[in-house]
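The structure is given below, and queries will be raised subsequently.
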Amino acid sequence: MKNNLDHDELLEDILADAAPQTFRDDLFARTLQQVRRRKQLGRARNALLAASAVVALIFFTRVSPTTKLLPTQIVSNSLLIHSQPLAADMIVRTDFAVPRVDSSSATVALLKSAPAKDLFRVIGDDELFNLLDGRPAVLVRRNSFEAELVFANPADQDGFLIQ
């Protein structure tokens, strides 16, 4: 463990060698002056904050929303606006020229759609070839559920009349 007295003696020796006694006294006096100045500034700042808080408190209690102006307090050169209802002859009205359409169930026909149960009938391969009326064609099957009808004559591909 170090002894603090040795440390202080070393410091005094360094300062004694480096600076004369008048310099040290002057340095100490300036340091004390700065400390006093900071203390004074802190007191002045605190006093200014307290004074501004008091002024703000007075201002906000005097000028509050509950304070109402009396009619005698209205400034004489202020602008005063009066209003009245618009006259009936000044109102513009528009009449629409579109006639009203009235309808009833007696004049309107109601349409109902039926489910598409029996609109088409599945035919087999033989019935399909019978409908071709002797035109050459081949039925090509891709799988058991998909087939394509190919005509030998390309003109028949666009359609033909059945007699």
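The values are calculated or read from the model by the stated rules, or taken from the named source; none is laboratory data. A quick note: this is a predicted structure, and the numbers were derived from the prediction, not measured. Only protein heavy atoms, including side chains, enter the accessible area calculation; ligands, DNA and RNA are left aside. Shrake-Rupley method; radii C 1.70, N 1.55, O 1.52, S 1.80 Å.
Averaging over every viewing direction, what projected area does the convex hull of the Cα atoms of segment 120-163 cover, in nm²?
Result: a mean projected hull area of 3.8 nm².
At 1.4 Å probe size, put Leu48, Leu131 in order of accessible surface, largest to smallest. Write down the numbers at each step before the final one.
Working: Leu48 125, Leu131 90 Å².
Result of the area sort, largest leading: Leu48, Leu131.
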